[in-house]
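No value in this document is a laboratory result; all are computed from the given coordinates. Predicted, not measured: the structure shown is a model, and the values here were computed from it. Virtual Cβ from ideal backbone geometry, glycine too; neighbours counted across all protein chains shown.
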Amino acid sequence: MKLWLVFVLGAALSWGAYVPTLHQGQALLKGGALRAFLCVGVAYFVTAVLVPLGLLYGAGMEPMEWNRGGVTFATVAGVLGAAGALFVILALKSGGSPLYVAPLVFAGAPIVNALVSMAWHKPKQAPEIGFWVGMVLAAVGVGLVLRFKP
């Protein structure tokens, strides 16, 4: 198995368990949606700041080269990731169930990703019909998940 597929599996497992785990944390914090978000922030700090610093400095994996464009886009990506987490928390706080929130978020995100990626990196030719069928199937898939949820 290719190493990048292991990481893809890790991301799918992590994000797939994110909303139900977050909802349980909010419930145990007695409706503490913003307290849960603070806990997410602490976890982000440990995972996204301390771990990379340890890898960068400890193992000497990468030289410390910075540039304005890279820092800007990477920071905006971090804001988008944190905003997504906040929106999930607020959706749950506003009465959304993980059975609804997670399928909508995680089916909607790949659709948005494909459209943004195509706008950013213009395809050399128009996408084939199968691409658009896949986009529709992703939307239909979430509809089926929501319609027949347990």
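Among L92, L56, L28, the residue with the largest mean-square fluctuation in a Gaussian network model of the chain, with springs joining Cα atoms closer than 10 Å, is L56.
Let a ≥ b ≥ c be the square roots of the eigenvalues of the Cα gyration tensor of the stretch 69-124; is it rounded (a/c under 1.5), or, if not, prolate (a/b larger than b/c) or oblate?
Details: a/c = 4.86, a/b = 1.55, b/c = 3.14.
It is oblate, given that a/c is not under 1.5 and a/b is not larger than b/c.
Across the chain, Cα-Cα distances exceeding 25 Å account for 46% of all pairs.
Taking all Cα-Cα distances within the stretch 37-107, those exceeding 15 Å account for 67%.
For the chain, modelled as a GNM whose springs connect Cα atoms under 10 angstrom apart, the maximal fluctuation among G54, G96, G134 occurs at G54.
Taking every alpha-carbon pair under 8 Å whose residues sit at least 6 apart, the chain reaches a relative contact order of 26 percent.
Count the lysine pairs in the chain whose Cα atoms sit under 30 Å apart, keeping only pairs 8 or more residues apart in sequence or on different chains.
Working: K2/K122; K2/K124; K30/K93; K30/K149; K93/K149.
Counting lysine pairs in the chain gives 5.
Estimated from helices alone, the mean residue ellipticity of the chain at 222 nm is -26000 deg cm²/dmol (sum of -39500 (n - 2.57) over DSSP H runs with n ≥ 4, per residue). Take the chain, connect every pair of alpha-carbon atoms lying under 10 Å apart with a spring to form a Gaussian network, then pick out the residue of A114, A27, A36 with the largest mean-square fluctuation. Its mean-square fluctuation being the largest, the pick is A114.
Suppose every Lys and Arg Cβ carries +1 and every Asp and Glu Cβ carries -1, with no other charges. What dipole size does the chain come out with about its Cα centre, to the nearest 20 debye?
Numbers: 9 positive and 3 negative charges, 76 e Å.
For this selection, approximately 360 debye.
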